[in-house]
Structure formats: C-alpha cells, structure tokens
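Have a look at the structure below, then the notes.
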Amino acid sequence: MELQNTVKNALNALYHHPEDTIRMQADRWLQDFQRTIDAWQVADNLLHDSSSNLETLIFCSQTLRSKVQRDFEELPSEAFSPLRVSLNTLLKKFHKGPPKVRTQISIAVAALAVHVPAEDWGDGGIVNWLKDEMSSHPEYVPGFLELLTVLPEEVFNYKISARPERRRQFEKELTSQMEVALGILTACLETSELKEQVLEAFSSWLRLRHGIPGSVLASHPLVLSALSSLNAELLSEASVNVISELIHYTAAGSSGGISVQIPLIQVIVPQVMSLKAQLRDPLKDEEDVKAIARLFADMGDSYVELIATGSNESMLIVQALLEVASHPEYDIASMTFNFWHNLQAILTRRDSYTVFGNEASIEAERNRRLQVFRSAYESLVSLVSFWVQYPQDYQGLSYEDLKDFKHTRYAVADVLIDAASILGGDATLRILYMKLVEVVSLCENEHGEWRPAEAALFCIRAISSYVSIVEAEVMPQVMILLPKLPQQPQLLQTVCLTIGAYSKWLDAASSKISILPTVIDILMRGMGTSEDSAAAAAMAFRHICDDCRRQLCGYFDSLFPIYHKAVNGEGSIKVSAEDSLHLVEALSMVITQLPPDHAKKAVEALCIPVVNPLQDSINQGPEILEKKPARELTVHIDRLAYIFRYVNHPEAVADAIQRLWPIFKAVFDLRAWDVKTMESLCRACKYAVRTSGRFMGITIGAMLEEIQGLYLQHHQPCFLYLSSEVIKIFGSDPSCTDYLKNLIEALFRHTTCLLTNIKDFTSRPDIADDCFLLASRCIRYCPQIFIPSAIFPPLVDCSMIGITVQHREASNSILIFLSDIFDLAKSSKGEHYVSIRDSVIIPRGASLTRILVASIAGALPSSRLETVTYALLALTRAYGLQSLEWAKDSVSLIPLTAVTEVERSRFIHALSDAASGKDINIMMTPIEELSDVCRRNRTVQDIVQGALRPLELNLVCV
C-alpha cells in the first residue's frame, strides 16, 4: 500500500506540480520504479482499484504492458495463469474504456501470448481461448475485438523480449488459426455497430500475408462487406484499410503471388476503378478523395509489373493514376510518384525483357512498351511541373513550410527525371521549353510575374543530365532567353543554377557559338544580386570552369578579377566566404589545363590574395596571432587547401607549398592548441601531399617533424590523420623507411599512453578514431615497417580495450583495424608477416574473441553488429579450429538462463561454417539471433555482460 501511495503521489507531482525540478524528479522516480519487480504487483493492484484516477490507470496499464513485453522472465512459471486471469479481468473491466487503458491491456495480453506456447493457453492457443471467452461473455465483445486486432501486430513487435525461435512459433500459431480468427470476425459482422472494428481487425490479420487462396477470399463475407462500404455516401476508413491490405496481400510472395490471387484481384480492381469519377467530384470530402487516391496508388505500386506489360486493362489503371496525379492537392497527387518511378525502372531495365529471348525480340518489346507509355509520361510532365512554382506568399512562409516546399520541388524533379528516362531528355526538354515560352512574356513588364518562368527553368534544370550535349534545337533558344529575364533574386538564382547544370552542353556548344562570355556575365550579375543568387552563381562558375576548362584556359587573365573580387570581398560581390571556395576550385581547374610553366605562375597569382592576409597576421607578432579567432585564419587556409586539391600540377603545388612552408610553420608553432586552425592547416597539408607526392622533397620532412613534435604536446587528432595521408603516399618508398618507422612509433607510443582504459577512449574518441585509421593505413601501405615494429603488440592491446567504446566512428576504426590484421594473409604485401602477427594475436585470441562476442551480445549497439561480426568471422577464418575453441569458451561463460544450449550451438556452427569458407551472408542469421537473445531485456543483457566482462582490460603504459 505504501508503494502504491508513492506511485500515486509521484504521478500527481508529475502532472500537477508547478515546479519543473519536482516534475523531473517524479518522472525519473517513476521510470526507475517501472524497472523494479514490485511494479508488477503495484500496477496490477492500482488497475483493479476502483478509486484510481485516469492518470494512474494510464500509467499502470503502460507499466504492465511494458513489464509483460520486456520483463516476463522475471516471473516464476506458475505466475502465468494468475497473470492471464488478471489481465482478462481488466480487459472486461475496461471494455468500454478508457480507450488508452484498454489498448495497453490488450497489447499486454497479446505480448503474453508471444511469450507462452499455444498449449499453455489450452486447446488451440489464444485464438481459440478468445473465441470461447467471446461466446461466454458477449457483453465484452468490443474489448475482445481490440485484442483480436492487436494480436497479429505483435508478431512484428520486437520490443517483446521473446527468443527468435519462439517468435517464429507464434507466427505459425496465428497463421494456423487464421480461419478461426476470420470466423470470429464474420460472426461479429452481424452486429452493425461493430462493423468498423471488425474490418480494422480483419486488415490487421491480412498483414500476416498468410496464403489464403484468392478464390476463398473473393467471396468471403468480410471482403464483400469492405467492398460494399466503398460505395457508401461516407467512405469507411476501416473498409479502405481492408481493401488496401487486400491489394498488398494479392501481390505478396508469401500469399502465393498474383497468379494465385487472380480471382481476388478480379473482384477488387473493378470495384476500385468504379471510384475514379469521385476523384473529380467537388462535393466529395477531401479525406474521402485521399482514401480513394490511396487505393489507386496501392494498385499501381502492387501491380506495377503487370501494368508494365502495357495491356489495355493495365492502361485503364494508368489513366486513373494520371487522374490522381492531376489532383490540385499535392498530398493526393504525390501518392502516385512512387508508381511512376517503379514503372520507369521496369520499362528501362534490360532484365525485365529476358523472357523474350534474343536481342531483336527484346529490343522490339522494349520499344513497344516505351511507345505505349509515352503519352502517359508526356501528360505527367505537364501535370507535375506547376507544383514547383513559388507560392504567392513565399516571403511569409515559416521555416517548416519553406522546407516542405523544397521537398516538393525535389520530389517533382525526381518525377521529371523518371519521365526523361522514358521519353528521352531532349523530348522532355521540348515539353518544358514550350511552358517556358508561354510564361516568359509575363516577366516583361515592370511588375512582371516571375514565378512561372522560374518554375519552368527549375524543371529544365532538373532534367539536365538527360539532355544530350549535342541538342541544338531548344537549348540555344533557352540560352538566348536567359539574359532577357529580370534580375529578381529567386529567378536569377535558378538561372545561375540552370547554367551550371548545362555546363557540359555549354562546352560542346561553345565550339560552334560564342556563348561563354554571355553566360559569365549572367553569373557576375548573380554574384552581385543576393546571397542566394551569389551562392548559385559561384557553384555554376565552378561547373563551367570544370567542364569548359579547355575553352577557358586562354581567358585565365580575364577570369582572375572575378576570383580576386570574391576572395577579397570587393565591390558589390555578395559571395560568402564558404561559397568563395567554389571560385577557388573553379580557377584551380582552369589552371590544371595550362602548360606547366604557365601553371606555376598562375598558382602563385592564385595564392597571393589568400596568403597576404595570413602573412599580415603573422607580421603582427605572436601575441596577436595567438589571440585571433580561428575563423580569421581558417578562411584563408581553406582556400589554399582547395588550390592544392584542385590544381592538378604536382610540381606547381610542390613549389607553392615549399614557398608557403614558413607561414604554415608559424601557424603550427603558435596555434597548435587550437583544434579548428589545426584541422584546417592539416587539411591543406594533406591535399598538398596528395597532389605533389614525391615532388614535395624536403618540405615533407619538415612537415612531419613539425607534427610529430606538436602531437606529443597537444594531442591533436588531425596530426594523426595527416600522417595517415603521408603513409598512403610514401609508405612503400624504401628511402622513407627509417623516417616513417620513427614517425609511427612515436605517434602510436604516445597514443597508447593516452588511451589506457575505456574511459580514455570515451573522453578522446577522435584520437582513437584517427589513431586506428592510421594503423589500418600502415597495414595496407607499409606492413614491412609496422608489423615487425615494437609498437605493434601494445597497439593491439590498446585496440582490445577500446573495441566497446560507444562512439561509432572510433569503434568502427578499431574493428576495421583488427579485421585488417586478421585478413593480413589476403594481401601480397602482408602475407610475409603472418608469423609475426600470429605471435601477437594467438596469446590474445581468447580475450579478443570474448570481447567480440560481448560486443555482438550487447556491449555495442545493434547498429554495429555487421562490423563486429565481420571482425569475428575474419578472426575465425584466420585461426580456424583454434578460434572455434576460443568462441566455445566465450559463449560457455554465458549462463543457460540467458542463452540456451541450442542457441550456443547454432552460433558456433555458424562460425565453423565461416572457418570452412562458406558465404558470410548465409551465416548471419544465427549470429543475429544470438545478439537478439542476449539483448532481449535489460536483465539478460546485464547477466551476459557480467559473464563476458568486456571492460576489464587496462593498459599499463611504460
């Protein structure tokens, strides 16, 4: 009683106390209480207590449902019967509500059925038990109907901590009782007020996709009842749900597929098709129209392969789907988008036609079908393009509404791409150009309407990848129109983006017509109009310089002032610092096209406006440089990084980095404590190394000496990442062996001193991530240096400590590093060092296996299961029978209360198959099931982790 009163008081505080801290304390206490074993009895008592208020009833019903789902194993086996009696009593008590409470009790009973074998319920399991209860107590039928509805839903509820084998049995038990369940529902149909509830329960059972023949369902009273409701004045939501499920059911492989379900399809399709006229009925309620549209969309999605044959019958469905696509409400029209995409994929995929035999027959059938659907996709292009038009009140749109509008534009762009895949880009372009011509005159007066022209251009841009670069009919006309359009910011932004999207066409066309100067002039206008149009213009400029670099390399001196203004923020240019990187990239690409001598001078010119501000900062003295905000330095360093990255002239970049090294060194020395500046500087160095390679000469030595010394003081992870780039380029160079050996040993030795226990990994995940990325690079590019080194064994020890770090990237890097070690024999470079590897791994094999098994069993999130499993299977393949013994020893530590002998043996058998070289994908199921079993609830997870002890390792750093 005392605990019951505490629960009531806590609920009262949670819902009614004025102070936030008290409410939070109450919430925490109630959550902790739900995990206790006392919660069973207290929740049950309060639910039976007639004085409990609604808040108490809702909380206790949720608690009881959660306890049955997650913690059923806490109860002794003899508790099942009284628990079922109590839940049944509660189901009857709340048969008229409150609905939230009744639903939770129903889910609790269904979860109980998942846990307990059918024979424990008596003859025929829970469905027969339910049938008897409904016969004996007809007054409680509405409550029992809700239980009948949630029962099949619990088959797919993985919150229930049942073992996989039991879950499969439960599904079989329900499917074997399908006819009994449908019999109960058919009997309940006689009570008209129960019809909605009956049909909802029927749609729930249909989701089991059990193979009842279509010939049986076609004349079933439940199906006929749902179909008859479609013609009622007010459309029944439950009926629509049933028909929707039946449509999916007829196409599901588990129900036998379309060929078996033809009798049912022949009943459903005409009934749904008869609703087509209602899509345009102005008197029809919008929700009803949405429901009808959903049925057409379901038919399209489910029968798309039949429709793709292009028969006369299937084209009637296509016409209905075009009707849906033409609806003025986007939420309704967009229901068909998935169908148009899937249809396009089938029509254009070669393997859709393999049954037609030889190439000639395949090509003939493909052309026939494309021709059949051509007019539908032409209509679709016209129907959907108006959805991308800016609304009249676009300036007053909220952030969420603006986001929704952008999503709409992306979705329509995808539909236009689907249409272009069928019609061809050039034909689709012609349709869209006609729309542009229609609306462009609206822009001409002073207060012109720019929105339709912007929408037409957006659509033209969307299909740019499908328009041929030799298209000579429409695109020249589009380009002539662009400079004449008004400089309204949104319109100019789309104009710039369209120019960028057609950069490859511009490259091909500019050899015939002088078009690039006009285009660049438009982009300059874009850079000076608004921030959005400037961003679009900068991106377009990058695309043009990339694709038209051969044409533009002779105009470098003319392009340079654009870059200079943007980088220095001069004049009316509105390009942000971030978008200016597009211009840096653009000019760098043009320089790539220059001959080497010119490239060196051009790189120098490109660097000057970027380097000068850095040099000025250094000239102000160490104290000023140390105090500067990181952004004042990184904005310039990032531009240098882009130059080093995109100027594909190794010698020119090597020459630049050699000249700039004194500036870089000054920043390294004075800002090594600053994460952002160091990340930016290391990124620039990384691209310099990547582009210059062996041309870097003495600069690379000075750079590595710098970061090696600074890492020992400041522990910046980016120093490790830069080192991994160096290893990739220079790892196999014999002349660098001594230098690289000293580097990696110094870096790894210091890192192992920083990461001595799991808390260190948790507090420094970025160091762990970059350390083991570097280690993996060493295995791939210089195993001859890394594997025989003195640092290899301590680093393996360090990795074992950190495997279970919760940080995703850090954990993945460690697991990939270990997998690379286990797979060493696969690489030609690594196979010579297998004996050294074995001398390190074999003494640690038992511990390593135990930690990997613990990770599978819950020490790491289930989202990382694939990576952990690969590491364990790689270990198993490398060490065969020996690794199987390690695995047996590991799983034998888990008590039988948590994992049965059968589940253990399945897991070991899967590993044994891996050792013998079988396909990994086949063996994933037993491993996933062991993981599922060990995570099924908090208590089991604690037992398993307590037995495997994955966190007990620590490293003593010498």
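Summary of computed values
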quantity	calculated
Restricting region 672-681 to residues that are surrounded by fewer than 23 Cβ atoms within 10 Å (Cβ to Cβ) and touching a Ser or Thr at 6+ places or on another chain (Cβ under 9 Å), the residue that is farthest from residue 770 (Cα to Cα)	676
Cross-chain or 6+ apart pairs with Cβ under 6 Å, region 579-601 first and of a type outside the set (Ser, Thr, Tyr), then in a loop (DSSP other than H, G, I, E, B)	591/647; 599/649
Among residues of region 879-894, those that are among the hydroxyl-bearing types (Ser, Thr, Tyr) and open to solvent by less than 10 Å² (accessible area, probe 1.4 Å), counted	2
Residue match in region 362-384 (condition: at pLDDT below 95 and at positive phi)	no
Per-region count, region 377-422, residues part of a helix (DSSP H, G or I) and among the polar types (S, T, N, Q)	6
Flag for residue 477 being of a type in the set (S, T, N, Q), assigned by the TED database to the domain that holds residue 566 and open to solvent by 30 Å² or more (accessible area, probe 1.4 Å)	no
Filter result (crowded, with 18+ Cβ neighbours inside 10 Å and part of a helix (DSSP H, G or I)) within region 48-61	56, 57, 59, 60, 61
Members of region 920-958 found to be under 18 Å from residue 867 (Cβ atoms) and not in a helix (DSSP H, G or I), listed by number	935, 950
Where a residue in region 888-899 is free of Cβ contacts under 8 Å to residues at least 24 places away in the same chain and its partner, wherever it lies, is surrounded by fewer than 22 Cβ atoms within 10 Å (Cβ to Cβ), with Cβ under 7 Å and at least six apart	888/908
Long-range neighbours under 6 Å by Cβ, at least six apart or interchain, first residue free of Cβ contacts under 8 Å to residues at least 24 places away in the same chain within region 607-631, second hydrophobic (A, V, I, L, M, F, W, C)	617/625
Output for region 841-873, where each listed residue is of a type in the set (A, V, I, L, M, F, W, C), over 23 Å from residue 809 (Cβ atoms) and open to solvent by 10 Å² or more (accessible area, probe 1.4 Å)	842, 846
Every residue from region 77-87 that is touching a residue at least 40 places away in the same chain (Cβ under 8 Å) and farther than 14 Å from residue 45 by Cα	80
Search result, residues across region 498-531 that are in contact with a helix residue (DSSP H, G or I) (Cβ under 7 Å, 6 or more places away or on another chain) and acidic (Asp, Glu)	507
Filter pass, residue 79 being of a type in the set (A, V, I, L, M), open to solvent by less than 40 Å² (accessible area, probe 1.4 Å) and within 19 Å of residue 198 (Cβ to Cβ)	no
Conditions (1) at pLDDT 95 or above; (2) open to solvent by 10 Å² or more (accessible area, probe 1.4 Å): number failed by residue 774	(2)
Residue check for residue 525: open to solvent by 50 Å² or more (accessible area, probe 1.4 Å) and under 16 Å from residue 572 (Cβ atoms)	yes
Selected residue (only one of 656, 641 is outside the structural domain of residue 542 (by the TED database), at pLDDT 95 or above and over 40 Å from the mean Cα position of the chain (by Cα))	656
Options 809, 866; residue that is within 36 Å of the chain's Cα centre (by Cα) and either in a loop (DSSP other than H, G, I, E, B) or over 20 Å from residue 766 (Cα atoms) (or both)	866
Any hit, region 200-217, residues being under 14 Å from residue 114 (Cβ atoms), open to solvent by 20 Å² or more (accessible area, probe 1.4 Å) and at pLDDT 90 or above	no
Count of residues meeting criterion [surrounded by 14 or more Cβ atoms within 10 Å (Cβ to Cβ) and either among the aliphatic types (A, V, I, L, M) or more than 36 Å from the chain's Cα centre (by Cα) (or both)] in region 23-35	2
Residue list for region 903-945, restricted to those being within 30 Å of residue 68 (Cβ to Cβ), of a type in the set (Val, Ile, Thr) and free of Cβ contacts under 8 Å to residues at least 40 places away in the same chain	925
Tally, over region 123-138, of residues that are farther than 17 Å from residue 175 by Cα and either assigned to a loop (DSSP other than H, G, I, E, B) or without any contact (Cβ under 8 Å) to a residue 40 or more places away in the chain (or both)	5
Test: residue 171 is open to solvent by 60 Å² or more (accessible area, probe 1.4 Å) and within 24 Å of residue 138 (Cα to Cα)	no
Number of positions in region 423-454 that are of a type in the set (Gly, Ala, Ser), part of a helix (DSSP H, G or I) and modelled with pLDDT under 90	1
Verdict on residue 914 being assigned to a loop (DSSP other than H, G, I, E, B) and open to solvent by less than 30 Å² (accessible area, probe 1.4 Å)	no
Members of region 818-858 found to be part of a loop (DSSP other than H, G, I, E, B) and in contact (Cβ under 8 Å) with a residue 40 or more places away in the chain, listed by number	823, 827, 829, 830
Among the residues listed as 876, 897, the single one being open to solvent by 80 Å² or more (accessible area, probe 1.4 Å), more than 26 Å from the chain's Cα centre (by Cα) and hydroxyl-bearing (Ser, Thr, Tyr)	897
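Conditions tested, residue by residue: (1) touching a Ser or Thr at 6+ places or on another chain (Cβ under 6 Å); (2) of a type in the set (Phe, Trp, Tyr); (3) free of Cβ contacts under 8 Å to residues at least 24 places away in the same chain.
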site: 492; (1), (2), (3): yes, no, no
site: 495; (1), (2), (3): no, no, no
site: 501; (1), (2), (3): yes, no, no
site: 505; (1), (2), (3): no, yes, no
site: 511; (1), (2), (3): no, no, no
site: 518; (1), (2), (3): no, no, no
site: 521; (1), (2), (3): no, no, no
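The values are calculated or read from the model by the stated rules, or taken from the named source; none is laboratory data. Quick caveat, the model's predicted, so the values are computed rather than measured. Heads up, the Cβs are rebuilt from the backbone with ideal geometry, glycines too, and the neighbour counts pull from every protein chain shown. All accessible areas refer to the heavy atoms of the entire protein, side chains included, with ligands and DNA or RNA removed. Shrake-Rupley method; radii C 1.70, N 1.55, O 1.52, S 1.80 Å.
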